[in-house]
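One structure is given here, and the rest of the page talks about it.
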Amino acid sequence: MGSLSIWHWLIVLVVVIAIFGTKKLRNVGSDLGAAVKGFKDGMKDGSADAPAQQVTHSGKANDANTVDVDAKTKG
């Protein structure tokens, strides 16, 4: 089993177009492009400008599942 030739890829493309249709494939392509663009914009803007998220206390001080600790660095 070697690599697939151009004829194999053309047959796969024809089958995919026959199953999904060109309009649905065009919508999937544009949605994918918008998602990639949004991800790139988020990576550019996100890390430098975003403040650190802070966990707030929910008011349940005696919850059995809550562990209250102080983090200390090794020195």
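Laboratory data are not the source of any read-out in this text; all were calculated from the coordinates shown. For clarity, every value in this text was computed on a predicted model and none was experimentally measured. Please note: Cβ atoms are built from the backbone with ideal geometry, for glycine as well, and neighbour counts cover all protein chains shown.
With a Förster radius of 35 Å applied to the C-beta separation of V15 and K40, the computed FRET efficiency comes to 0.65. The residues packed around G33, meaning those with a beta-carbon under 14 Å from its beta-carbon, carry a net charge of +1 if Lys and Arg are +1 and Asp and Glu are -1.
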